[in-house]
Amino acid sequence: MKRIQNSKLPALYLRLAIGSAYLWEVADRLGLLGKHGEPHVGWGDWAHFVAYARQVMGFLPSGLVPALALLATLGEGVFGLMILTGLYTRIAAIGSGILSFCFAIAMAISFGIDSPLGYSVFTLSAASFLLATVPQYEWSIDAWLERRTVNKRLLDEAQFDMSQIN
């Protein structure tokens with residue numbers, strides 16, 4: 001039996017799952033999903049997120065935690081948007097893989113290995129690195145930019161060929 005080598009739908013699924021998960025978490029930290037304590041709200045505001053970040057990064061100097069929490073949130077927001085829209089997808093996927101791997105290691109140090117395994121943080125990291133290996137990202141800004149570049153190159157070549165005829 002011949003296996004079909006088509007990664008279009010799985011790649012799209014990875015992009016949607018990873019990108020939306022990051023954006024959901026950022027929205028939660030900013031209070032966009034509701035207040036702390038409401039159903040389906042993890043943090044509800046920045047203060048509760050930083051308190052959690054202090055637990056996760058308890059092995060680091062406490063003065064670094066707010067800056068690292070901000071950096072992680074910016075990374076998750078930027079990588080989430082880039083992956084979801086398919087803009088520089090490979091770079092964003094690698095960044096996502098590194099960021100989530102660092103988070104998984106910090107969770108393992110602070111809470112034990114069962115925490116990043118139970119919350120699938122290593123899975124997020126692996127999925128991000130897998131996404132980075134996909135040869136093409138259909139239904140993405142990357143694909144649109146690539147088609148645009150190829151079409152422009154073909155048009156330039158056609159115009160050059162036409163000038164040779166005249």
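The values are calculated or read from the model by the stated rules, or taken from the named source; none is laboratory data. Please read these numbers as outputs of a predicted model, since none were measured by experiment. Note: ideal-geometry Cβ built from the backbone for every residue, glycine included; neighbour counts use all protein chains shown. Remember, those area values only see protein heavy atoms, side chains included, never the ligands or the DNA or RNA. Shrake-Rupley method; radii C 1.70, N 1.55, O 1.52, S 1.80 Å.
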### Query
Based on what the data block shows, is ILE94 open to solvent by 80 Å² or more (accessible area, probe 1.4 Å) and out of contact with any strand residue (DSSP E or B) (no Cβ under 6 Å at 6 or more places or on another chain)?
no
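Only one of these is more than 21 Å from ILE113 (Cα to Cα) and surrounded by fewer than 16 Cβ atoms within 10 Å (Cβ to Cβ): GLY44, GLY58, GLY63. Name it.
On the way: GLY44 fails: surrounded by fewer than 16 Cβ atoms within 10 Å (Cβ to Cβ); GLY58 fails: more than 21 Å from ILE113 (Cα to Cα).
Just a single option satisfies the conditions, and that option is GLY63.
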### Task
Could you tell me which of the residues PHE160, PHE111, PHE122 is modelled with pLDDT of 95 or more and open to solvent by 60 Å² or more (accessible area, probe 1.4 Å)?
PHE111
### Summary
Of (1) open to solvent by less than 80 Å² (accessible area, probe 1.4 Å); (2) within 30 Å of ILE141 (Cα to Cα); (3) in contact with an Asp or Glu (Cβ under 9 Å, 6 or more places away or on another chain), PHE79 satisfies every one except (3)
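Within region 83-97, track down each residue that is of a type in the set (Val, Ile, Thr) and in contact with a helix residue (DSSP H, G or I) (Cβ under 7 Å, 6 or more places away or on another chain).
Taking region 83-97 as the starting set, the residues that turn out to be of a type in the set (Val, Ile, Thr) are 83, 85, 89, 91, 94.
Listed by number, the residues that qualify are ILE83, THR85, THR89, ILE94.
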### Message
So the check is Cβ under 7 Å with 6+ separation or different chains; which pairs have a first residue in region 88-107 that's free of Cβ contacts under 8 Å to residues at least 60 places away in the same chain and a second one that's surrounded by fewer than 21 Cβ atoms within 10 Å (Cβ to Cβ) and of a type in the set (Phe, Trp, Tyr)?
### Response
GLY97/PHE129; ALA104/PHE122
